[in-house]
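One structure below.
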Amino acid sequence: MPKPAARLGALRPSPIRVLSEGAPADAIPLGLGEPTWVLPESARRALASESGVCAYGPNAGLPLLRSTLAAFYGARTEEVLVTCGSEEGLFAVAQAYLDPGDQVLVPDPGFPAYAAVARLASAEPVPYALDAAAGFALDPERFAAALDAAPRAKLAVLNHPGNPTGGGASAAALARVADFCEARGVLLLSDEVYRELHFGTRPASLREVTGRGLVSSSVSKGWGAPGLRVGWLLGADDLLAPVRTVHAFAVTATSAPSQRAAEALIAASGEVLPAARREVQVRFDALRESWREAFGEELRTPAGAFYHWMPLPKAALADPMAFCLRLRDEARVVVVPGLAFGEGGRAYARLSFAARPEQIREGVRRLAPLWSAR
Ligand SMILES: Cc1ncc(COP(=O)(O)O)c(C=O)c1O
């Protein structure tokens, strides 16, 4: 049996998948972060009208999708690279820019793929803390402290609104972090997959504060279509050039029918995005009301996304994974232990309210007895 590459040694299967895939059939799924509302009509029509030749298309994406995305962002078409979901974009950036031993700043708590793509490039993820007192917002001071302590930093990743916390980033905070990175020659990548699922005003994009960073996003959250596997990277042509090389050899191009459906979605953003925000609001209202009923507590509204980041009961702190397994197998509701998102998540669990409203209500009802035995 050949030995897998040593760089895979530090990678473990994501607890998010482990908990969800091993769940009893009747468990309420509040683990995965994926929309549960139907694919918008515009995309369904585009998929149904596929006919004729199904060609590869250009490596960087279909020209119409690239120009539609460029118009959406006020960018030039050359600044858009279409990827297989934003996750492939993250992987390609890591492969394009990291050498063994380089360091990558990642939010803690944060989306586990950031550390994983760093490790797959034989680089070292370096966590930076968020501002817990401000709903886990980006904190330039904490970011700067982590950057100062990382002499081999080559790449830094931001995520706002953030998974797993729903925390945001002000334009001023983004600008300061961009300045720190520019001064150090560190490439800054801003993961904005949840930007369109905001609760208050629409958050600023990194693009609005610097022309020297990369922005990644996808149709998976705001446009409600994770199964299309269409994402994109936005950035200056010279910054994207090495990423395009990795992307071309890794996947050739993103699925052409999926790109046509994604184009229809982006072109219909004026209807699709407000409708998605209404879906998320209905779900958050279901969570807020059932939480109030179960615990008499008022939930804080996140900046965006569809996650409730909840402090674990005291009794669960010794072994959060065992507690989440009990919730799953005894109470029959799936939530993810915060440790899956880094050390900064040790005292928390993540509940995804992307689920259907009735599932959310039932999930909180099932969770309450174990949660209250604190
Ligand atoms: C913060 C964040 N970034 C990226 C992704 C990857 O999404 P996709 O590859 O579908 O764009 C996810 C998925 O959950 C996510 O939560």
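Can ARG356 be described as under 22 Å from the mean Cα position of the chain (by Cα) and more than 21 Å from GLY110 (Cα to Cα)? Quick ask: steps written out before the conclusion?
On the way: under 22 Å from the mean Cα position of the chain (by Cα): yes; more than 21 Å from GLY110 (Cα to Cα): yes.
The answer is yes for ARG356.
So if I check each of ARG292, ARG277, ARG288, ARG244, which one is over 30 Å from LEU187 (Cβ atoms), in contact (Cβ under 8 Å) with a residue 60 or more places away in the chain and of a type in the set (D, E, K, R)? Reasoning before the result, please.
Values: ARG292 fails: in contact (Cβ under 8 Å) with a residue 60 or more places away in the chain; ARG288 fails: in contact (Cβ under 8 Å) with a residue 60 or more places away in the chain; ARG244 fails: over 30 Å from LEU187 (Cβ atoms).
Going through ARG292, ARG277, ARG288, ARG244 in turn, the sole match is ARG277.
Considering only residues that are part of a loop (DSSP other than H, G, I, E, B) and crowded, with 24+ Cβ neighbours inside 10 Å, look in region 196-224 and name the one that is farthest from the ligand (Cβ to nearest atom).
GLY213
Which pairs do you get when a residue that is more than 17 Å from GLY363 (Cβ to Cβ), found in region 315-337, comes within reach of a residue that is open to solvent by less than 10 Å² (accessible area, probe 1.4 Å) and of a type outside the set (S, T, N, Q), reach meaning Cβ atoms under 7 angstrom, with the pair 6+ apart or on two chains?
Every condition considered, the pairs that remain are PRO320/PRO337; PRO320/GLY338; PRO320/ALA349; MET321/PRO337.
Among the residues of region 302-342, write down those that are assigned to a strand (DSSP E or B) and either open to solvent by 10 Å² or more (accessible area, probe 1.4 Å) or away from the ligand (no atom under 16 Å from the Cβ) (or both).
Hits for region 302-342 are HIS308, TRP309, MET310, PRO311, VAL333, PRO337.
Cβ-Cβ under 7 Å, sequence separation 6+ or interchain: first residue in region 174-191 and outside the structural domain of ARG207 (by TED's automatic domain parsing) and at pLDDT below 95, partner surrounded by fewer than 18 Cβ atoms within 10 Å (Cβ to Cβ) and not aromatic (Phe, Trp, Tyr). Which pairs?
Short answer, once both residue conditions are applied: none.
State yes or no: is TRP291 touching an Asp or Glu at 6+ places or on another chain (Cβ under 8 Å) and hydrophobic (A, V, I, L, M, F, W, C)?
yes
Inside region 250-300, can you point out the residues that are open to solvent by 30 Å² or more (accessible area, probe 1.4 Å) and of a type in the set (Lys, Arg)?
Hits for region 250-300 are ARG260, ARG277, ARG278, ARG288, ARG292, ARG300.
Residue under question is THR245, and the condition is that it be among the β-branched types (Val, Ile, Thr), not in a helix (DSSP H, G or I) and not assigned by TED's automatic domain parsing to the domain that holds GLY33; does it hold? Show your work before the answer.
Values: among the β-branched types (Val, Ile, Thr): yes; not in a helix (DSSP H, G or I): no; not assigned by TED's automatic domain parsing to the domain that holds GLY33: yes.
Criteria not met by THR245.
Return the residue satisfying two criteria in turn: it lies in region 162-173 and is in contact with a helix residue (DSSP H, G or I) (Cβ under 7 Å, 6 or more places away or on another chain) and away from the ligand (no atom under 16 Å from the Cβ), and of such residues it is nearest to LEU138 (Cα to Cα).
ALA173
In this structure, is THR68 within 27 Å of PRO257 (Cβ to Cβ), open to solvent by 30 Å² or more (accessible area, probe 1.4 Å), polar (S, T, N, Q) and not assigned by TED's automatic domain parsing to the domain that holds ARG328? Before you say what the answer is, go through the steps one by one.
Details: within 27 Å of PRO257 (Cβ to Cβ): yes; open to solvent by 30 Å² or more (accessible area, probe 1.4 Å): no; polar (S, T, N, Q): yes; not assigned by TED's automatic domain parsing to the domain that holds ARG328: yes.
Against the criterion (within 27 Å of PRO257 (Cβ to Cβ), open to solvent by 30 Å² or more (accessible area, probe 1.4 Å), polar (S, T, N, Q) and not assigned by TED's automatic domain parsing to the domain that holds ARG328), THR68 does not qualify.
Need pairs with beta-carbon distance below 8 Å; first residue surrounded by fewer than 18 Cβ atoms within 10 Å (Cβ to Cβ) and within region 134-147, second outside any helix (DSSP H, G or I); sequence gap 6+ or separate chains.
Sorted first by the residue in region 134-147, then by its partner, the pairs are ALA134/GLY167; ARG142/TYR128; ARG142/ALA129; ARG142/LEU130; ARG142/ASP131; ALA145/TYR128.
The values are calculated or read from the model by the stated rules, or taken from the named source; none is laboratory data. Predicted model only: the values in this text are computed from it and were never measured. Neighbour counts are summed over all protein chains in view; Cβ atoms, including those assigned to glycine, are modelled from backbone coordinates with ideal geometry. All accessible areas refer to the heavy atoms of the entire protein, side chains included, with ligands and DNA or RNA removed. Shrake-Rupley method; radii C 1.70, N 1.55, O 1.52, S 1.80 Å.
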